[in-house]
Structure formats: structure tokens, C-alpha cells
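Read through the structure below, which is laid out as C-alpha cells, and then see the notes.
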Amino acid sequence: SCASDALRLTLEYEPQIILSEWETPGLSSVEFCRSLRQTKAGQQVYILILTRMLNEELLASALEAGANEYVMKPIIPRVLEARIKGALRMIGLQQEVLRDKEQIRQNLADMAVLNRNLEQAALTDSLTGLPNHRYAQYRLMEEWAASMRSGSPFTLMILDLDHFKRIND
């Protein structure tokens, strides 16, 4: 009966295809299409308009408002069926893109974990788990750069343990 009811029902049931009359008393199809396209769920819906209009300007306004396609009345069943099949192909492609995006997102998350693990392995001794020579060099460069930026003094202490092999063994 009105655009707000149509929008509410569409968002509640999340249909894949909407088949709508363009000229409906009490229902602004332009407003309905625009409002629907502003929602996340409404961006995925395929809107097919049934119309008697032959006016190119009105058809353009329907498409600009968010309709995907239109079918002229009186309806020819084979044409309507072909348009719906086209809509289903489009929906299938959209779903495939969404699945691919999700897979890419998952792969990136997995790669981030692997990178953290690799970085940890590169900076620690595998036997003791203590920071290694590479880590010491990295930290030394970081501290030196911070000292240069801030102008604060930099101190480095190096220790040498005699007979360390015995301690290590």
C-alpha cells in the first residue's frame, strides 16, 4: 500500500528478485527503489519493473532510481521468463563474487598469522626461544634511530662470557 511497507517487507524477507508495478497508486516506485538501494541488503536485490510507459524519460528515471530492468505491459510470458533468468544469472554472479571476497579475506587472515609466526621464528633462537643476533641488530638500529631523532644519549654494553660453551652445553 505504500513505499515504507514495501521497503520494510523487503528488508525483512530479503528476496533476491523484486517484480514491481511502476505505476502503483499510493506507492512511489522511485522512492522505493532509491530507499532500497541505500541499504546493504537492498543493493543485492534485482528489481524488475512492470510498466506501460513508453516515455524514455520515465524509463530512464526508473533505471536511475535503482531498477535493474523493465518489462513492458502487456506482459509476454517468454520475455518475462527470459528477464527473470537473466536476473538469476546476475544474482549467481554476485553471490560468486561475495564468496570469492570472503575466501580472499580468510586467506589474508591466514597469511597474517603465518607472517607473524615467520617473523617470530626469524627473530628468536629455535632451541631456547630467546632473541637472536638478527633481533639484536634490528633493535640496535631502532634504538640508534630513536636516539638520533630525540637527541638523547645512546649506550651500548657488550658482554663476553669466558668458557660460554660449558654454560651453553
Which numbered condition Ser126 fails, given (1) in a helix (DSSP H, G or I); (2) within 21 Å of Asn168 (Cα to Cα); (3) without any contact (Cβ under 8 Å) to a residue 12 or more places away in the chain: (1)
Residues being touching a residue at least 40 places away in the same chain (Cβ under 8 Å) and in contact with a helix residue (DSSP H, G or I) (Cβ under 8 Å, 6 or more places away or on another chain) - total across the range 68-90: 1
Qualifying strands (runs of 3 or more DSSP E) (wholly inside the range 1-83; at least 3 residues being open to solvent by less than 30 Å² (accessible area, probe 1.4 Å), closer than 28 Å to Leu98 by Cβ and touching a strand residue (DSSP E or B) at 6+ places or on another chain (Cβ under 7 Å)): 46-51
Test: residue in the range 108-128 that is among the basic types (Lys, Arg), under 29 Å from Thr51 (Cβ atoms) and out of contact with any strand residue (DSSP E or B) (no Cβ under 6 Å at 6 or more places or on another chain): no
In the range 135-169, residue least open to solvent (accessible area, probe 1.4 Å) [restricted to those that are more than 19 Å from Leu123 (Cβ to Cβ) and of a type in the set (Ser, Thr, Tyr)]: Ser147
Every pair of residues 6+ apart whose Cβ atoms lie under 8 Å, when the first sits in the range 130-144 and is at pLDDT below 95 while the second is among the charged types (D, E, K, R) and in a helix (DSSP H, G or I): Pro131/Arg139
Only listed residue being at pLDDT below 90 and open to solvent by 100 Å² or more (accessible area, probe 1.4 Å), chosen from Leu127, Leu118, Leu114, Leu108: Leu127
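The values are calculated or read from the model by the stated rules, or taken from the named source; none is laboratory data. Just so you know, these numbers come straight off a predicted model, no measurement behind them. As a convention, Cβ positions derive from the backbone with ideal geometry for all residues, glycine included, and neighbour counts pool all protein chains shown. What goes into the accessible areas is simple: the full protein's heavy atoms, side chains included, and nothing from ligands, DNA or RNA. Shrake-Rupley method; radii C 1.70, N 1.55, O 1.52, S 1.80 Å.
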